Amino acid sequence: MKVSLASALGTCFGVQDAINLAMTPDFGADLTIVGQLVHNPQVNESLKKNGVSLVADIEAIDQIQTKKVMITAHGAAEKTKEKLSDAGFVVYDASCPLVMRVHKTIKSMVQKGYFPVVIGQEDHVEVKGIVGDLKEYLVVNNMSDLGKIELIGAPKLGIVSQTTLQVEKVEHLVRKIRDLDCVDEVSFVNTICQPTRDRQVAVRDLADQVDLMIVVGGYNSSNTKKLVQVCEEKGIEAHHIESFSQLKRDWFYEKKHAGITAGTSTPEYVINEVHEEILKIAKETDQEPVAR
Ligand code: SF4
């Protein structure tokens, strides 16, 4: 069995910069991260081992015991940062610049008179940050949400997207929104970030060559789930795992070519462990059939 890695996979610069900042020795045990720094269990575990505290979100402000707090790569609303500063915390901001670009884009659309619409998951921390400073807005995630646009009755819509969505899904939704009778004008800026796009293109290319794809990343990682979706849409068997220990030999039975990809919050060492384990399985299964 041949084993190939996607040409773009794993940790993006936004996540890596945030991890590097959180691991700065100067912080010692005087840092609390507000929300998951990244959607990856291994990274969060190593942060805890380094003495860094984590709280779920700004609602847990009363539980923060440190002087210093950090905003994650997913970003946060200005009013969240102000609430932390006003409470006396020193705020370190690890928001990814590509997330901040979405904040700026939607605010500028509002200033130009467009009603703000975000394509994304309403309960995702990044989306909460994008809409957190807006007086009114709409979050649309799928076709069944289009009725909400008809209800608000705003003829000029300014649309952005969560950075980690699937490109085709967003473009399809925007086409459907443009077609609505109640909408006169749409200003759309596709804010899916380049690292997410690169990983989607790479997994699609690799999916054309393999008969099995292993997708590595946190179960709560939005962009990792999208990589699984891309494979499934192409009819390729895909398994989403967080660690090499979850690999099952049965998956590789009679497979000729296995691919590996990983979401933007998956560290290199986690991918390497998965790669090495699959190479080991490939060697074994090439020598003897796997018992089913
Ligand atoms: S996935 Fe994109 S937007 Fe999110 S942290 Fe990485 S580079 Fe930034």
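The values are calculated or read from the model by the stated rules, or taken from the named source; none is laboratory data. Worth saying up front: this structure is predicted, and the values here are computed from it rather than measured. All Cβ positions, glycine included, derive from the backbone under ideal geometry; neighbour counts span all protein chains shown. Just the protein is used for accessible areas: all its heavy atoms, side chains included, with ligands, DNA and RNA removed. Shrake-Rupley method; radii C 1.70, N 1.55, O 1.52, S 1.80 Å.
Comparing mean-square fluctuations of 51, 218, 263 from a GNM of the chain with C-alpha springs under 10 Å, the top value falls on 51. For a test of the definition: using alpha carbon positions, the gyration tensor, and the 1.5 limit on a/c, classify region 1-147 as rounded, prolate or oblate. It is oblate, given that a/c is not under 1.5 and a/b is not larger than b/c. Where both bridge residues fall in the chain, DSSP classifies roughly 0% of the beta bridges as antiparallel. About its Cα centre, region 98-188 has a charge dipole of approximately 340 debye under the convention of +1 per Lys or Arg Cβ and -1 per Asp or Glu Cβ, with nothing else charged.
Think of region 98-188 as a dipole: +1 on every Lys or Arg Cβ, -1 on every Asp or Glu Cβ, centred on the Cα centre; then among 146, 118, 172, 118 lies furthest on the positive end. Each Cα pair under 8 Å and six or more residues apart adds its sequence gap; the mean of these over the residue count of the chain is a relative contact order of 22 percent. Sorting 244, 252 on solvent-accessible area from highest to lowest, probe radius 1.4 Å, gives 244, 252. The charge dipole of region 1-118, taken about the Cα centre with unit charges on the Cβ atoms of Lys, Arg (+1) and Asp, Glu (-1), comes to about 420 debye, rounded to the nearest 20.
For the Cα trace of region 13-96, dividing Rg by the Kirkwood Rh returns an Rg/Rh value of 0.92.
Diffusion coefficient of region 98-188 by Stokes-Einstein, Kirkwood radius over Cα pairs, 25 °C, 0.890 mPa s: 189 µm²/s. Comparing 247, 151, 21 in a Gaussian network model of the chain, where Cα atoms under 10 Å apart are tied by springs, the biggest mean-square fluctuation is seen for 151. Less than 5 angstrom separates the built amide H of residue 192 from those of 161, all sequence-distant by 5 or more or on a different chain. Taking amide H positions as placed in the peptide plane 1.01 Å from N, state which residues far from residue 35 in sequence (5 or more) or on other chains have amide H under 5 Å from it. Distant-sequence amide H within range of residue 35: 55, 56, 57.
Tally Lys and Arg at +1 and Asp and Glu at -1 over the other residues with C-beta under 14 Å from the C-beta of residue 259: what net charge comes out? Residues near residue 259 contribute +1 overall. Close amide H partners of residue 139, meaning residues 5 or more places away or on another chain with modelled amide H under 5 Å apart, are 118.
Rounded to the nearest 20, the Cβ-based charge dipole of the chain about its Cα centre (Lys and Arg +1, Asp and Glu -1) stands at 320 debye. Each 10 Å bin from zero holds the following percent of Cα-Cα pairs in region 183-292: 14, 43, 29, 9, 4, 2, 0.
Summing charges over neighbours of residue 200, with a neighbour being any other residue whose Cβ is under 15 Å away from its Cβ, gives 0 when K and R count +1 and D and E count -1. Sorting 175, 249 by solvent-accessible area of protein heavy atoms yields 175, 249, largest first, with a 1.4 Å probe. Where the alpha-carbon atoms of the chain are placed on the principal axes, they occupy 65, 54, 26 Å, in descending order. Along region 235-252 the Karplus relation, 6.51 cos²θ - 1.76 cosθ + 1.60 evaluated at θ = phi - 60°, assigns HN-Hα couplings of x, 9, 4, 10, 10, 9, 10, 9, 8, 4, 5, 8, 5, 10, 4, 4, 4, 8 Hz to successive residues, with x for each Gly and Pro.
With viscosity 1.306 mPa s and temperature 10 °C, the Kirkwood radius over alpha carbon pairs of region 240-282 converts through Stokes-Einstein to a diffusion coefficient of 145 µm²/s.
In percent, rounded to a whole number, the relative contact order of region 139-292 is 21, using alpha-carbon pairs under 8 Å and six or more apart.
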